[in-house]
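Only one structure is covered here, and it is reproduced in the block below.
The values are calculated or read from the model by the stated rules, or taken from the named source; none is laboratory data. Since this is a predicted model, take the numbers as computed values, not measurements. Glycine gets a Cβ as well: all are built from the backbone with ideal geometry, and neighbour counts include every protein chain shown. Please note that ligands, DNA and RNA were not included when accessible areas were found on the heavy atoms of the full protein model with its side chains. Shrake-Rupley method; radii C 1.70, N 1.55, O 1.52, S 1.80 Å.
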Amino acid sequence: MGRARRFQWPLLLLWAAAAGPGAGQEVQTENVTVAEGGVAEITCRLHQYDGSIVVIQNPARQTLFFNGTRALKDERFQLEEFSPRRVRIRLSDARLEDEGGYFCQLYTEDTHHQIATLTVLVAPENPVVEVREQAVEGGEVELSCLVPRSRPIAVLRWYRDRKELKGVSSSKENGKVWNVKSTVRFRVDRKDDGGIVICEAQNQALPSGHSKQTQYVLDVQYSPTARIHASQAVVREGDTLVLTCAVTGNPRPNQIRWNRGNESLPERAEAVGETLTLPGLVSADNGTYTCETSNKHGHARALYVLVVYDPGAVVEAQTSVPYAIVGGILALLVFLIICVLVGMVWCSVRQKGSYLTHEASGLDEQGEAREAFLNGSDGHKRKEEFFI
């Protein structure tokens, strides 16, 4: 065969020998690495080839090609090129059992050979993620990530909310492949229900920058909550009111009970699951309505106080408001007037007491003047007058 045929399969290695009269002839090979299921190409380079016999053998020393002619009926091996410069074959769908040394022999008077070693890597499959036991809010969850086959050993990593989690890994050899497992533990709350945890596996068998990932959706169980939503904010007599009891919980509660305090529900009320319908409202429907629900983790209850709006009562209350305001203003004015009168009387009494005091002082001075006058008339010639 003058030119080698072209194929579309994985890569492999060859073995060659040089000898004989053409002592300058040489054969060179290179080692090859391929991922399981891929295409390996084995090349045997010839130097100063003179047309001697070239034989290519597999690791079991079975002849694959003899001077370009197929010898082993394994269609996965195809002759890609046979020329004075090189012999090239392709192996498609490479398997672990294909691994080993491939011989490229050049037969002359002295036979020499070279060996190309084929290494088959096993890429990890998508990891299998399992949970040890049901997660409950406030507790811990333990997840395990398993890759049953990889070569070399796969590296497992955990991610949650774009942050890496620290896991504990172990591996076990199984023939030519490795079984790898990683576990991780962390606390969970009800807000973590539905969250995503990722297990990622990588090794050299995968293209650079690629990995195999499995996403696990957290299932966190928690006690229920309840909240009542009304169809309208203000309800009037004759209106129809619909109350909806919005519940959450995991597992989700499937039964809801409606009550009205210590009284029974109005006869017109229709309770169906999460909704309570009250048609033709009257003031007798006023009261505190409750919805209750539960699951195996707890109990929840919500309240709604119903006050039916009576337009007639509101108008009466509005007309009575001005009279109350006027009465309050009059009472305040009377109080202020009384305070002013009391202040005036108090000031008047205080001024009168001060006048009497000055008058008494004047009488004392008059007595002293009279005594001086009398003394002057008896013992003194100088007359003194005092004016009062």
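Looking only at segment 94-116, count how many residues are outside any loop (DSSP other than H, G, I, E, B), open to solvent by 60 Å² or more (accessible area, probe 1.4 Å) and either β-branched (Val, Ile, Thr) or touching a Ser or Thr at 6+ places or on another chain (Cβ under 8 Å) (or both). Give the derivation first.
Filtering segment 94-116 for residues outside any loop (DSSP other than H, G, I, E, B) gives 96-98, 100-107, 112-116.
Filter once more, so that each one left must be open to solvent by 60 Å² or more (accessible area, probe 1.4 Å): 97, 107, 112-115.
Filter once more, so that each one left must be either β-branched (Val, Ile, Thr) or touching a Ser or Thr at 6+ places or on another chain (Cβ under 8 Å) (or both): 107, 114-115.
Result for segment 94-116: 3.
Each residue in segment 46-74 was checked for being polar (S, T, N, Q) and in contact with a Lys or Arg (Cβ under 9 Å, 6 or more places away or on another chain), and 0 pass. Scanning segment 244-281 for residues that are surrounded by 12 or more Cβ atoms within 10 Å (Cβ to Cβ), more than 17 Å from TYR309 (Cα to Cα) and hydrophobic (A, V, I, L, M, F, W, C) yields CYS245, ALA246, VAL247, ILE256, TRP258, LEU265, ALA269, ALA271, LEU276.
Has segment 144-160 got any residue that is surrounded by fewer than 20 Cβ atoms within 10 Å (Cβ to Cβ), in contact (Cβ under 8 Å) with a residue 60 or more places away in the chain and over 30 Å from HIS47 (Cα atoms)? No, segment 144-160 contains no residue that is surrounded by fewer than 20 Cβ atoms within 10 Å (Cβ to Cβ), in contact (Cβ under 8 Å) with a residue 60 or more places away in the chain and over 30 Å from HIS47 (Cα atoms). The residues in segment 35-51 that are at pLDDT 95 or above, outside any loop (DSSP other than H, G, I, E, B) and open to solvent by 10 Å² or more (accessible area, probe 1.4 Å) can be counted, and the count is 2. Among the conditions (1) among the small types (Gly, Ala, Ser); (2) surrounded by fewer than 17 Cβ atoms within 10 Å (Cβ to Cβ); (3) within 16 Å of THR214 (Cα to Cα), the only one that GLY139 does not satisfy is (3).
Being of a type outside the set (A, V, I, L, M, F, W, C), open to solvent by less than 40 Å² (accessible area, probe 1.4 Å) and in a loop (DSSP other than H, G, I, E, B): is that true of PRO124 here? Walk me through how you get there before you give the answer.
Details: of a type outside the set (A, V, I, L, M, F, W, C): yes; open to solvent by less than 40 Å² (accessible area, probe 1.4 Å): yes; in a loop (DSSP other than H, G, I, E, B): yes.
When the stated conditions are applied, PRO124 passes them.
Beta carbons closer than 8 Å, at least 6 apart along the sequence or on distinct chains, pair a first residue in segment 293-319 that is more than 23 Å from GLU274 (Cβ to Cβ) and assigned to a strand (DSSP E or B) with a second that is modelled with pLDDT under 95 and β-branched (Val, Ile, Thr) for TYR309/VAL234; TYR309/VAL235. Checking LEU91, LEU79 one by one, the residue that is open to solvent by less than 10 Å² (accessible area, probe 1.4 Å) and touching a Leu at 6+ places or on another chain (Cβ under 8 Å) is LEU91 and no other. Only strands (runs of 3 or more DSSP E) whose full extent lies in segment 142-234 are considered here, and the ones with at least 3 residues that are touching a Ser or Thr at 6+ places or on another chain (Cβ under 9 Å) are 155-160, 168-174, 177-187, 196-202, 220-230.
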